[in-house]
Amino acid sequence: MTDTSPREFTLNCPVPRESHNTVQMAHGGGGRLMRNLIEEMFLPAFAAGQTGEKILPHDSAVLPLETARLAFTTDTFVVSPLFFPGGDIGKLAVYGTVNDLAMAGAKPLWLSAGFILEEGLPMDTLRRIVASMQAAASEVGATVVTGDTKVVDRGKGDGVFINTSGVGVVPDGVEISPARVAPGDRILVSGDLGRHGIAIMSVREGIEFQGALPSDCGSLSDLVQSLFSAGARDIHCLRDLTRGGLASALNEIAKDRGVGIELDEPSIPVAGPVAGACELLGLDPLYVANEGRLVAFVAPGSANRVLDAMRQHPSAPEAAMIGTVIDRHSGTVELRGALGGGRILDLLSGEQMPRIC
């Protein structure tokens, strides 16, 4: 006899696990797992010998000396493919490190370059990467002063990985830090979002666009220095929008400072090809990586002046004011639509785009 009695049916959407015994791809993706790794492993270990105020994660550490303040940062680049529309791993390594220095307001001075090379990598490929690095360093006025090279077995290194560290000097009167973000601050972005991640994915997935869609890979150093003349003391915080894109950067700051952030969705610049590719691939452009865009938190009285200065710079003609820091909904980023509805932008729980920087 057939059982026709109603059965209980439960529909749920499981949340990815946040605790793992091994390293996952998402630990490098700029989302929740990466933040957990930093907060639960790296900060407790490396901040143990520090004294004084709480350390908030930032792109560069500012080091006080008797005669100057130095910013110091390090990063590792594992992008695949090595060459992509608008850039390559060498250019990315230099600009990525210089941009982290710029987010502390520092002018870049010296760089290191560490290469992990896979046996069998063509010398012409390496020569092209090194030339690209040198050209990028010369453009920003920095010098590669030290480095290291290691070779791993064939099949163990995916061609080449590059680690770069950078040192820069922070001008007097410049105090750029997440600790300065405050309710009322206006939020500015320096240009359209998502180009780098989509440029990488277009190569991987074989997506062709009617017009060229190069990565935004480029230096933010000159842009940042030009903004200081428009109100250095009123620029509270800067953050480049790499892994995890705009959404992850804003979530980190909102959670670290215990403030809310409200964004105006129609004001956020996204190029048509990027929006179309994201729709095709099932991605949200606000989480897609950039390598030549920043977000700035600026005191309300200076926001329009700083925005005008951004738009006058050749790298940021599409800069826009996109939101405000608020004193409610602590640790939350809310996106308000054109018709007034809203949605919460949370940290990524998994990996959206691996190997993009």
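We did not get these values from a lab; they are worked out from the coordinates using the rules stated. Computed from a predicted model, the values in this text were never measured in an experiment. Cβ atoms come from the backbone with ideal geometry, glycine included; neighbour counts cover every protein chain shown.
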From the coordinates shown, Cα extents along the principal axes in Å corresponds to which of (i) 70, 42, 35; (ii) 64, 51, 47; (iii) 85, 57, 51: (iii)
Burial ordering of 255, 107, fewest other beta-carbon atoms within 10 Å first: 255, 107
Which of 243, 233, 293 moves the most in a Gaussian network model of the chain with Cα springs under 10 Å? 233
Theoretical ellipticity at 222 nm over the chain - DSSP helices of four or more residues, -39500 (n - 2.57) apiece, nearest 500: -8000 deg cm²/dmol
Residues 250, 339, 70 in order from fewest to most other beta-carbon atoms within 10 Å are 339, 70, 250
Going residue by residue through region 182-191, the Karplus relation 6.51 cos²θ - 1.76 cosθ + 1.60 with θ = phi - 60° gives ³J(HN,Hα) values, rounded to whole Hz and with x marking Gly or Pro, of 9, x, x, 4, 8, 10, 10, 10, 8, x
Would you mind putting 311-321, 88-98 in packing order, based on average other-beta-carbon counts within 10 Å, highest first? 88-98, 311-321
